[in-house]
1. Identify all residues within region 144-174 that are surrounded by 19 or more Cβ atoms within 10 Å (Cβ to Cβ) and either β-branched (Val, Ile, Thr) or in contact with a Leu (Cβ under 6 Å, 6 or more places away or on another chain) (or both); write none if there are none.
2. Can you pull out the residues in region 107-125 that are surrounded by fewer than 17 Cβ atoms within 10 Å (Cβ to Cβ), more than 23 Å from the chain's Cα centre (by Cα) and not in a helix (DSSP H, G or I)?
3. In region 181-189, is there at least one residue being surrounded by fewer than 20 Cβ atoms within 10 Å (Cβ to Cβ) and more than 24 Å from GLY37 (Cβ to Cβ)?
4. When you check ASN67 against the structure, is it closer than 16 Å to TRP131 by Cβ, of a type in the set (S, T, N, Q) and within 21 Å of the chain's Cα centre (by Cα), yes or no?
5. Mind listing just one residue for me: the one in region 76-90 that is within 16 Å of PHE177 (Cα to Cα) and out of contact with any Asp or Glu (no Cβ under 6 Å at 6 or more places or on another chain) and, of those, surrounded by the fewest Cβ atoms within 10 Å (Cβ to Cβ)?
6. Taking the conditions exactly as written (part of a helix (DSSP H, G or I) and more than 28 Å from HIS86 (Cβ to Cβ)), does LEU189 satisfy them or not?
7. In region 16-53, what residues are touching a helix residue (DSSP H, G or I) at 6+ places or on another chain (Cβ under 9 Å) and of a type in the set (Val, Ile, Thr)?
8. Six or more apart or on different chains, Cβ atoms under 8 Å: show the pairs whose first residue is in region 136-157 and at positive phi and free of Cβ contacts under 8 Å to residues at least 40 places away in the same chain and whose second is part of a helix (DSSP H, G or I) and crowded, with 20+ Cβ neighbours inside 10 Å.
Amino acid sequence: MSTAATATLDRYESPSVATGRMGMWWVLASEIVIFGGAVVCYLLYRWHHPEWAESAVHTNELIGVINTVVLLTSSLTIVLAHDAAHHGDAARAKRLMGFTILLGLAFLCFKAYEYSHEVAAGFTPVKNLFWSFYYFLTGLHALHIVAGLIAIATVMRGVGRRENMQRVEYVGIYWHFVDVVWIFLFPLLYLAPKF
């Protein structure tokens, strides 16, 4: 094989940006389009419906705050898991990923509790357009939490066998995206009366 051919082959086998990382950024780009479009639609409707503030008053701000703290803490644990994996400490990385999963499950439990009380009070997706957006946006976010938890659990199994440790970074990037989405949803839906 010629030197030029070897150099070309090496360039494709050793990219400056890992293939997995690049793939994750492409996935997130499509997710940004989905959530971005939904949030822009919500904002356009919200500005034309000031009466939505009366509906937003019935969201549970305390649960929203608790879930915000839970997700921010889970971001910390996945960052620490990535650091542990980067330094070859598989046991610590696995343990921290387990904490991240527990925090994600706590988020879902709080959300289920919140949904059950809202529905019992008559605030269903068909109550009005605000509640339709509320359930759509928070439900879509919850589905992404579930997907993230499945991905983290799958990667965690490999980390326990010291396989594909770099994947901790990839699921971490996804998890941070899910957290950032919540940072936008919380004020838009729970604190809507304030603007």
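All of the numbers you see were taken from the coordinates with simple rules; none came from a lab. Since we're looking at a predicted model, the values are computed, not measured. Neighbour counts are summed over all protein chains in view; Cβ atoms, including those assigned to glycine, are modelled from backbone coordinates with ideal geometry.
1. Answer for region 144-174, where residues must be surrounded by 19 or more Cβ atoms within 10 Å (Cβ to Cβ) and either β-branched (Val, Ile, Thr) or in contact with a Leu (Cβ under 6 Å, 6 or more places away or on another chain) (or both): ILE145, ILE152, VAL155, VAL159, VAL168, VAL171.
2. Result: ALA121, GLY122, THR124.
3. No; the residues of region 181-189 include none that is surrounded by fewer than 20 Cβ atoms within 10 Å (Cβ to Cβ) and more than 24 Å from GLY37 (Cβ to Cβ).
4. Judged against the criteria, ASN67 is not a match.
5. LEU76
6. yes
7. VAL17, VAL27, ILE32, ILE34, VAL39
8. Every condition considered, no pair remains.
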